[in-house]
1. I'm trying to understand the selection: among the residues of the stretch 82-99, which are within 21 Å of TYR36 (Cβ to Cβ) and either of a type in the set (Ser, Thr, Tyr) or over 16 Å from the mean Cα position of the chain (by Cα) (or both)?
2. Quick one: what pairs do we get from the stretch 104-116, first residue of a type in the set (Phe, Trp, Tyr), second at pLDDT below 95 and not in a loop (DSSP other than H, G, I, E, B), C-beta under 9 Å, 6+ apart or different chains?
3. Filter the stretch 59-70 down to the residues that are hydrophobic (A, V, I, L, M, F, W, C) and either touching a Leu at 6+ places or on another chain (Cβ under 9 Å) or at pLDDT 95 or above (or both), then identify the one that is nearest to GLY96 (Cα to Cα).
4. Of the residues in the stretch 82-95, how many are touching a residue at least 24 places away in the same chain (Cβ under 8 Å) and surrounded by fewer than 14 Cβ atoms within 10 Å (Cβ to Cβ)?
5. Could you count how many residues in the stretch 36-47 are touching a His at 6+ places or on another chain (Cβ under 9 Å) and either within 13 Å of SER114 (Cα to Cα) or free of Cβ contacts under 8 Å to residues at least 40 places away in the same chain (or both)?
Amino acid sequence: LAAPVMGTVPVLGSPVGLTGLCPLAGPSPTSSIHVYTQREVYGTVGSHVTLSCSFWSSEWISEDISITWHFQAEGSRDSISIFHYAKGQPYIDDVGSFKERMEWVGNPHRKDGSIVIHNLDYTDNGTFTCDVKNPP
């Protein structure tokens, strides 16, 4: 269940892209979840952007809900985990270029898994994926 953020971020006149996919449905016919993100996000070097991630679930919001953000740099085949929310606690991954620049602004009980990335850099060009799991 992943819906990446898509878009282009012009940074000091040079485009930096955030690309991805559309909302997806859940794994079984009895339970589903839809994840929604912005198609395009814009920012400049040194500024900040909010990467919005909202969702709808056919189930009540579980205490076991988890939200994970991944980043895949432009031109890379690998993605890395940059943020995880589980058991009511946000966890910013302690490795990588986002660890000192990320802020959790979501609220799962309001069906919001958004993050903010501060101090944008050229290296932020790529695909950001918001993955929401809400076990029944």
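The values are calculated or read from the model by the stated rules, or taken from the named source; none is laboratory data. From a predicted model like this one, the values you see are computed outputs, not experimental measurements. Reconstructed Cβ throughout: ideal geometry from the backbone, glycine too, with neighbour counts over all protein chains shown.
1. Listed by number, the list holds a single entry, TYR85.
2. Filtered contacts from the stretch 104-116: TRP104/ILE92.
3. TRP69
4. Number of matching residues: 2.
5. 0
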